[in-house]
1. Applying the selection to the range 261-290, what residues are open to solvent by less than 50 Å² (accessible area, probe 1.4 Å), touching a strand residue (DSSP E or B) at 6+ places or on another chain (Cβ under 9 Å) and at pLDDT below 85?
2. If you go through the range 190-234 one residue at a time, how many are at pLDDT 90 or above, closer than 21 Å to R300 by Cα and not in a helix (DSSP H, G or I)?
3. One residue is enough: does the range 227-243 have a residue meeting the conditions in contact with a Phe, Trp or Tyr (Cβ under 6 Å, 6 or more places away or on another chain), surrounded by 17 or more Cβ atoms within 10 Å (Cβ to Cβ) and closer than 23 Å to Y319 by Cβ?
4. Filter the range 197-216 down to the residues that are of a type outside the set (A, V, I, L, M) and either under 17 Å from P242 (Cβ atoms) or open to solvent by less than 60 Å² (accessible area, probe 1.4 Å) (or both) and list them by number.
5. Quick one: is E89 open to solvent by less than 20 Å² (accessible area, probe 1.4 Å), among the charged types (D, E, K, R), assigned to a helix (DSSP H, G or I) and out of contact with any strand residue (DSSP E or B) (no Cβ under 8 Å at 6 or more places or on another chain)?
6. Condition first: open to solvent by 70 Å² or more (accessible area, probe 1.4 Å) and out of contact with any helix residue (DSSP H, G or I) (no Cβ under 7 Å at 6 or more places or on another chain). Now tell me which residues in the range 165-175 satisfy that.
7. Of the residues L103, L139, L118, which is open to solvent by 80 Å² or more (accessible area, probe 1.4 Å), modelled with pLDDT of 85 or more and under 37 Å from the mean Cα position of the chain (by Cα)?
8. Can we say G293 is part of a helix (DSSP H, G or I), under 23 Å from L221 (Cα atoms) and modelled with pLDDT under 85?
Amino acid sequence: MLMLTVLAIHLYILHIVLHFDLELAAEDGVCSCIILALSVWGIVLLIRAYPTTAAMLPYALLLGLVITIATTTAEWKILAWWIVNNNDEYKAWLTHTLPVRFLILWIFNSWIATNSALRKNISSLDNRFQQQTDASVLLKEAELFKLRQQLQPHFLYNSLNSISALIMIAPDKAQEMIGKLSDFLRSSVKRESEDTLPVNDELAYIQSYLAIESVRFGDRLQVHIEKEYTDDAVLPPFLLQPILENAIKFGLYGKTGIVSITIHILLDGPMLILTITNPYDADTQPPKGTGFGLEGVQRRLYLLYARADLLETKSDEHYFTTILKIPQYHVQSNTDR
């Protein structure tokens, strides 16, 4: 389209305005189009071959000037050899308009060169940004995987210690606990690849966890779950278990009677709110270091949602409460519609 426009302009000026022969005007236009196409092709190739993005714009402007000098000289030589010898009037006009041709070609070539340079810079920045994004995603996934792997061994160590103790005093319970632990770990492996799960599926997983803990603690441990959510509510796997494990440690440590833990799950608009409440005695706290599970959950929430306000803890003289908030993006999407 550009070349046809250039050809049409030459034909109009030379044939219609200046009254040169149509054949001469066409030859001038075709020669100019070929020279212009070669200059564009050369500029694009030289910009692509430039090995770096440093000083790209000065290089492009200099390239546009050099290509313009070369193409203007080539066009003048070709036209003088092909046409001028047979037409003195055209020769005078060609010599007179040579500066104008040079200026037009310089502006056009400079525009092509700078445009190509900017495109190359943008492409380079896009590639660099994509590489950084990919690296950030891989780093985030690696840290999430590490956190998941760190949370599970704490529970596993406690379970194995309990099994070791039960082997001597209650072999049947030890065997029962081994079977439940095997089922629990098998279901854990299946959940590794999931980003989110329905709350009901997560609660089924928690029930498997509580079945193992009930072998350890017997009737002393009572967990009540209060449900106020719809079936489409979701949460990331492996978040509720470490919070519940923390609640069991705080609630049972230093106590001999029945301990009741409450899990309240509420879907409040685009936010799923889980409130875990357990008995708490400030004078008999668990050993230092048992809060790792909550720290790991806090870090996972930040990596998943880029928010630091999704986990909250508070306590008084008798109770310790953990509040976990999970954004429900699918609920937001449905609301927007």
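The values are calculated or read from the model by the stated rules, or taken from the named source; none is laboratory data. None of the values given here were measured: they were computed from a predicted structure. Using ideal geometry, Cβ is built from the backbone for each residue, glycine included, and neighbour counts are taken over all protein chains shown. These area figures cover heavy atoms from the full protein model, side chains too; ligands, DNA and RNA do not enter into them. Shrake-Rupley method; radii C 1.70, N 1.55, O 1.52, S 1.80 Å.
1. Result: Y280, single match.
2. 3
3. Here is the first cut: in the range 227-243, the residues in contact with a Phe, Trp or Tyr (Cβ under 6 Å, 6 or more places away or on another chain) are 241.
Now narrow it down to the ones that are surrounded by 17 or more Cβ atoms within 10 Å (Cβ to Cβ): 241.
With the extra rule that they be closer than 23 Å to Y319 by Cβ, the set shrinks to 241.
Looking through the range 227-243, at least one residue is in contact with a Phe, Trp or Tyr (Cβ under 6 Å, 6 or more places away or on another chain), surrounded by 17 or more Cβ atoms within 10 Å (Cβ to Cβ) and closer than 23 Å to Y319 by Cβ.
4. Step one: filter the range 197-216 for residues of a type outside the set (A, V, I, L, M), giving 198, 200-202, 205, 207-209, 213-214, 216.
If the condition is that a residue be of a type outside the set (A, V, I, L, M) and either under 17 Å from P242 (Cβ atoms) or open to solvent by less than 60 Å² (accessible area, probe 1.4 Å) (or both), then P198, E202, Y205, Q207, S208, Y209, E213, S214, R216 are the ones that fit.
5. Values: open to solvent by less than 20 Å² (accessible area, probe 1.4 Å): no; among the charged types (D, E, K, R): yes; assigned to a helix (DSSP H, G or I): yes; out of contact with any strand residue (DSSP E or B) (no Cβ under 8 Å at 6 or more places or on another chain): yes.
Against the criterion (open to solvent by less than 20 Å² (accessible area, probe 1.4 Å), among the charged types (D, E, K, R), assigned to a helix (DSSP H, G or I) and out of contact with any strand residue (DSSP E or B) (no Cβ under 8 Å at 6 or more places or on another chain)), E89 does not qualify.
6. Taking the range 165-175 and keeping what is open to solvent by 70 Å² or more (accessible area, probe 1.4 Å), we get 167-169, 171-173, 175.
Listed by number, the residues that qualify are M168, I169, P171, D172, Q175.
7. Working: L103 fails: under 37 Å from the mean Cα position of the chain (by Cα); L139 fails: modelled with pLDDT of 85 or more.
The conditions single out L118.
8. Values: part of a helix (DSSP H, G or I): yes; under 23 Å from L221 (Cα atoms): yes; modelled with pLDDT under 85: yes.
Taking the combined requirement at face value, the residue satisfies it.
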